[in-house]
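Notes to accompany the following structure.
The values are calculated or read from the model by the stated rules, or taken from the named source; none is laboratory data. Computed from a prediction, not measured in an experiment: that's the story for all the values here. Positions of Cβ are generated from backbone atoms using ideal geometry, with glycine treated the same way; all protein chains shown enter the neighbour counts.
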Amino acid sequence: MEGQKSHLILALVCFFYLTSPIETSSVHKENPRKQSIQVGLVHNMNSTAGKVVASCISMALSDFYGAYSNYRTRLSLHIKDPKDDVVDAASAVLDLMENEEVHAILGPEWSLQAKFVIDLGVKVQVPIISFSATSPSLSPTRSHYFVRTAYDDSSQVGALAAVVQAYGWREITLVYEDTDYGNGLVPYLIDALQEVDARISYRSVIPPSAYDVDIVKELNKLLTKQTRVFLVHMTAVIGSRFFILARNAGVMSEEFAWIVTDGLSSLLDPVSSKALDSMQGVLGVRPHIPRSESRSDFEERWRKLYAKRNSHDEIADLTLFGLWAYDTVTALALAGEMAWEPVKSRYLKPNTSRNNLNFSSIGISEMGPKLLDNILSIDFQGLSGEFNLPNGQLEPIAFEIFNVVGQSEKIIGYWTSAQGLSPELNSSRKKDYTASANDLKAPIWPGNTLKPPKGWVMPISGKKLKIGVPKKDGFSEFFKIEWDPHTGVPSYSGFAYEMFLAVLEALPFAIPHRYVPYVNETRQSNGTYDDMLYQIKLQEFDAVVGDTTIVANRSSYVDFTLPYSESGVAMIVTIKDDERRNMWIFLKPLSWNLWLTTGLALISTGFVVWLLEHRTNEEFRGHRSQQIGLILWFSFSTLVFAHREKIASNLTRLVLTVWVFVVLILTQSYTASLSSFLTVQRLTPKFVDVQDLVRNHLYVGYQKGSFVRGLLVRQLNFEESRLIPYGSPEEYHDALSKGSGNGGVAAIFDELPFIKIFLARYCNKYKMVGPTYKTDGFGFAFPLRSPLVSYISRAILNVTQDKSKMDTIEGRYFRSQSLCQDQDATIYSDNLSLSVYSFGGLFIITGIVSVSSVLIYVVSFFYSHWPSSSTIRPSDRSLWSKFMETTNNFFREHGLYGCLERNRPMIVPTSNFQSTEASPNQDVELIARTRNERERPVLIIHV
């Protein structure tokens with residue numbers, strides 16, 4: 001197809017060539033002493049740019065051949081003016097090859113013209129050398145006989161993307177002319193902007209033949225867009241008109257940012273002063289041409305020549321095209337000197353008829369290939385900088401970033417591929433590539449402001465952001481919609497709603513908006529939250545505000561802001577209350593071994609007290625049964641500090657002091673443990689393991705419309721038939737109360753904010769248990785790549801970090817949560833009873849004190865009752881006999897003998913009395929006293 005198209009164009013060219021005479025002219029008359037090298041120039045010479053180029057080429061020939069006297073050749077230039085038509089350009093080139101046998105073609109002017117001329121150059125082996133066809137669609141690497149002595153348009157996209165990156169703009173509106181020049185840059189711009197995380201949100205294509213009314217209509221359309229950064233890629237012919245109309249349309253004011261490519265700053269027709277007035281605050285990118293003395297001298301001479309040759313015209317500015325044309329002719333003259341061979345100065349023509357429509361009859365240039373090789377190898381310092389063609393075209397070194405201020409262009413920085421943006425060229429301080437606003441001097445923006453435009457605002461055409469909101473049957477604390485019964489106008493409230501209002505206040509700009517409830521004809525929810533969010537992708541909503549959870553699958557079709565509330569999915573179950581109905585629950589606080597140890601300690605302490613008090617305290621005497629009862633009574637009465645017996649011994653007081661301390665600790669611990677035990681037992685959940693629910697095929701619930709259903713099926717492997725949706729806390733309560741086997745559910749799965757609200761109402765009946773499945777919280781949803789997301793996210797951070805504001809908002813809807821205790825702090829334990837180990841130290845202390853007191857008492861007794869040698873028979877004076885006698889006395893005095901010992905008469909020798917001549921009455925009195933003290937029969941024997 002491509003070959004057929006080329007042949008068709010060439011056929012048309014031939015037709016025009018055979019039927020239309022074309023005048024030729026020469027800039028210089030041939031010098032008979034020099035060999036002429038025929039060169040063609042195809043360019044529009046009547047335009048301002050053409051006049052600039054013609055004068056530069058004339059000066060290039062004069063300077064070159066005037067400076068060198070030993071040249072052998074001279075370029076003989078044949079000029080063709082094809083206007084702007086592609087067929088005319090091809091016809092002119094064909095005529096130059098056929099009739100003038102040119103060995104090189106300078107031009108044509110436009111890239112679209114050059115695209116067809118290149119094929120002729122390949123056919124005839126004549127290099128096509130263009131200093132103005134800058135479209136990236138033309139590549140010297142693909143067409144060997146095409147040489148571009150200018151910069152490829154795509155070389156500037158890195159600088160343009162760096163400017164966009166420096167000011168943090170994410171979306172760009174591209175405005176370009178609908179020509180090969182305009183369209184050729186678009187793919188390269190898209191790739192470059194993607195590398196800096198920006199994109200082209202809208203393309204505004206301006207036809208070259210567009211009327212002013214058409215351009216104004218397109219400008220008004222741009223006003224309805226949210227993007228406020230415009231990148232303009234046009235030639236000066238169309239661009240001058242466009243900016244004059246743009247200022248009149250009101251899009252050159254504050255909040256707008258404009259960037260222009262080098263087509264409006266360095267190429268073709270210079271921008272008029274009237275257009276420059278309309279471009280105030282515009283940023284531009286153009287190749288950097290270093291200043292030099294030779295260039296300054298050339299400009300001065302060129303102005304004189306231009307004024308002389310165009311005396312009736314206003315003196316134009318020297319453009320970069322003119323400099324490139326000068327350097328190109330100089331390079332071609334050098335190449336001609338190097339390539340000249342007298343025997344190869346003409347065309348090799350085949351033996352064909354001129355009348356046949358056969359392009360092969362033109363012939364092949366003998367000098368063309370060598371001329372091409374030589375011009376590609378030339379390297380010199382030209383007016384536009386270093387002239388060399390490593391890949392068949394000039395390679396730019398740096399680009400200037402300029403700002404239109406008044407009637408001048410102020411340089412605010414430079415861009416190179418190695419260092420990025422910098423305020424000065426070749427800054428030695430920069431080592432790494434950077435692109436930030438600090439790397440540029442502060443520009444003046446449209447509207448004469450120093451504040452950089454944000455690049456995105458709400459449209460000013462009256463369109464409001466359409467925000468979808470959910471209709472909830474329950475949990476109205478988060479979002480609630482109420483319709484006025486008379487007017488039908490909805491009103492909104494809830495935590496999510498007030499958070500969004502607070503975020504809007506924190507934004508640096510206003511967002512006109514309106515809420516659209518996601519409901520059906522009966523004002524009921526029109527679907528799940530996933531369905532509501534998908535309306536953004538369908539462009540039914542511009543955003544969704546509500547308690548929407550940020551999850552991975554939703555982020556494939558919407559963009560979420562940062563979360564404004566925590567989230568996560570957990571399980572709530574019913575609390576077991578069996579222990580509250582247990583009549584023996586008062587025994588639970590202490591373990592069985594602690595009860596046994598405490599009882600033994602009570603009895604042993606009572607015995608120790610009786611032992612220490614029995615000899616000297618009449619309250620601890622009496623019949624055996626009375627004393628046993630006293631021991632038990634005294635022991636248990638100390639538990640409530642109700643003992644009334646008086647204490648006589650200091651040792652007993654010591655024992656009681658320690659024991660009362662132990663009793664105090666035990667009773668206080670028992671009281672606290674009993675209260676805690678009752679509470680914990682009441683909060684013990686029926687289920688703690690999710691897999692128990694799955695294995696037992698129990699029914700579970702979830703909030704209607706929530707993403708939790710998908711989580712239960714895909715991640716937790718619940719059967720879909722076992723899932724039941726509910727819409728309110730009351731429905732949760734009813735379902736959990738019934739249980740899985742009675743038409744209810746065994747557990748409810750929901751997000752943490754909803755669970756907290758539910759538990760605040762029913763905290764004494766239900767419990768949150770098991771693991772928490774992580775989600776990213778609640779956020780606001782917008783279309784993919786919406787620039788609003790970054791602004792809203794920053795505003796959310798400002799609101800959530802303002803504690804007073806958050807406390808105010810949360811207090812309106814979640815105040816009831818503080819009335820319920822924090823169940824997350826409840827300790828799960830199957831055995832809350834206190835053990836012996838908890839009080840081991842206390843029992844050891846009281847044991848040591850009791851044993852020590854008894855030992856002290858026994859030693860003291862032995863010491864005071866040890867018999868002397870004079871009171872016992874000689875046969876019983878051994879140490880053992882004395883010990884046994886004292887021991888017997890100890891047991892006798894404490895009544896510790898058994899019943900038989902207690903009933904056997906006690907023999908009392910009269911030697912124990914003070915007088916052996918006692919009267920009978922004295923004996924009776926002695927017997928009675930002794931009996932009362934010993935509680936045994938007494939037999940007195942006078943010795």
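One table, with the values for the structure above:
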| read-out | value |
| --- | --- |
| The one condition in (1) in contact with a strand residue (DSSP E or B) (Cβ under 9 Å, 6 or more places away or on another chain); (2) farther than 28 Å from VAL124 by Cβ that GLY406 fails to fulfil | (1) |
| Region 168-182, subset in contact (Cβ under 8 Å) with a residue 60 or more places away in the chain and in a loop (DSSP other than H, G, I, E, B), residue surrounded by the most Cβ atoms within 10 Å (Cβ to Cβ) | TRP169 |
| Any hit, region 113-126, residues being among the aliphatic types (A, V, I, L, M) and farther than 22 Å from GLU366 by Cβ | yes |
| Residue identified as over 20 Å from PRO127 (Cβ atoms), among the acidic types (Asp, Glu) and not in a loop (DSSP other than H, G, I, E, B) among ASP88, ASP84, ASP95 | ASP88 |
| Looking only at region 397-414, and only at residues there that are touching an Asp or Glu at 6+ places or on another chain (Cβ under 8 Å), farther than 15 Å from ASP153 by Cα and not hydroxyl-bearing (Ser, Thr, Tyr), the one that is modelled with the lowest pLDDT | GLN407 |
| Residues being among the aromatic types (Phe, Trp, Tyr) and within 10 Å of VAL469 (Cα to Cα) - total across region 530-555 | 1 |
| Matching option when the condition is at pLDDT below 70 and under 55 Å from the mean Cα position of the chain (by Cα), among ILE575, ILE585 | ILE585 |
| Residue within region 205-218 that is touching a residue at least 12 places away in the same chain (Cβ under 8 Å), surrounded by 22 or more Cβ atoms within 10 Å (Cβ to Cβ) and out of contact with any helix residue (DSSP H, G or I) (no Cβ under 8 Å at 6 or more places or on another chain) present | no |
| Filtered residue count, region 219-260, keeping only those that are in a loop (DSSP other than H, G, I, E, B), of a type outside the set (A, V, I, L, M, F, W, C), surrounded by 19 or more Cβ atoms within 10 Å (Cβ to Cβ) and over 34 Å from the mean Cα position of the chain (by Cα) | 1 |
| Selected residue (criterion: farthest from the chain's Cα centre (by Cα)) from residues of region 479-502 that are closer than 23 Å to GLU540 by Cα and assigned to a loop (DSSP other than H, G, I, E, B) | GLY488 |
| Hits in region 57-81 - residues which are in a helix (DSSP H, G or I) and either in contact (Cβ under 8 Å) with a residue 40 or more places away in the chain or outside the structural domain of GLY336 (by TED's automatic domain parsing) (or both) | ILE57, SER58, MET59, ALA60, LEU61, ASP63, PHE64, TYR65 |
| Qualifying residues in region 280-304 (those that are among the aliphatic types (A, V, I, L, M) and modelled with pLDDT of 90 or more) - the one nearest to PHE321 (Cα to Cα) | VAL285 |
| Members of region 711-730 found to be part of a helix (DSSP H, G or I), surrounded by fewer than 19 Cβ atoms within 10 Å (Cβ to Cβ) and touching a residue at least 40 places away in the same chain (Cβ under 8 Å), listed by number | LEU711, GLU730 |
| Qualifying residue in region 736-752 (condition: over 25 Å from LYS472 (Cβ atoms) and among the polar types (S, T, N, Q)) | yes |
| Residues within region 688-704 that are hydrophobic (A, V, I, L, M, F, W, C) and in a helix (DSSP H, G or I), tallied | 3 |
| Tally, over region 261-279, of residues that are at pLDDT 85 or above and either in a loop (DSSP other than H, G, I, E, B) or under 12 Å from PHE230 (Cβ atoms) (or both) | 2 |
| Scope region 438-460; condition loosely packed, with under 15 Cβ neighbours inside 10 Å and at pLDDT 85 or above; matching residues | ASN438, LYS441, ALA442, GLY447, ASN448, THR449, LEU450, LYS451 |
| Number of positions in region 463-502 that are touching a residue at least 12 places away in the same chain (Cβ under 8 Å), farther than 29 Å from PRO725 by Cα and surrounded by fewer than 16 Cβ atoms within 10 Å (Cβ to Cβ) | 2 |
| Considering residues of region 503-525 that are of a type in the set (Phe, Trp, Tyr) and part of a loop (DSSP other than H, G, I, E, B) only, the residue surrounded by the most Cβ atoms within 10 Å (Cβ to Cβ) | TYR518 |
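Yes or no, residue by residue, for (1) among the charged types (D, E, K, R); (2) assigned to a helix (DSSP H, G or I); (3) over 30 Å from ARG228 (Cβ atoms); (4) outside the structural domain of ASN403 (by TED's automatic domain parsing):
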| residue | (1), (2), (3), (4) |
| --- | --- |
| GLY281 | no, no, no, no |
| VAL285 | no, no, no, no |
| ASP297 | yes, yes, yes, yes |
| ARG301 | yes, yes, yes, yes |
| LEU305 | no, yes, yes, yes |
| PHE321 | no, yes, yes, yes |
| TRP324 | no, yes, yes, yes |
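Residues checked against (1) among the polar types (S, T, N, Q); (2) part of a strand (DSSP E or B); (3) under 43 Å from the mean Cα position of the chain (by Cα):
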{"position": "PHE387", "(1), (2), (3)": "no, yes, no"}
{"position": "GLU409", "(1), (2), (3)": "no, yes, yes"}
{"position": "ALA418", "(1), (2), (3)": "no, no, yes"}
{"position": "LYS431", "(1), (2), (3)": "no, no, yes"}
{"position": "ASN438", "(1), (2), (3)": "yes, no, yes"}
{"position": "LYS441", "(1), (2), (3)": "no, no, yes"}
{"position": "GLY447", "(1), (2), (3)": "no, no, yes"}
{"position": "ASP473", "(1), (2), (3)": "no, no, yes"}
{"position": "GLU477", "(1), (2), (3)": "no, no, yes"}
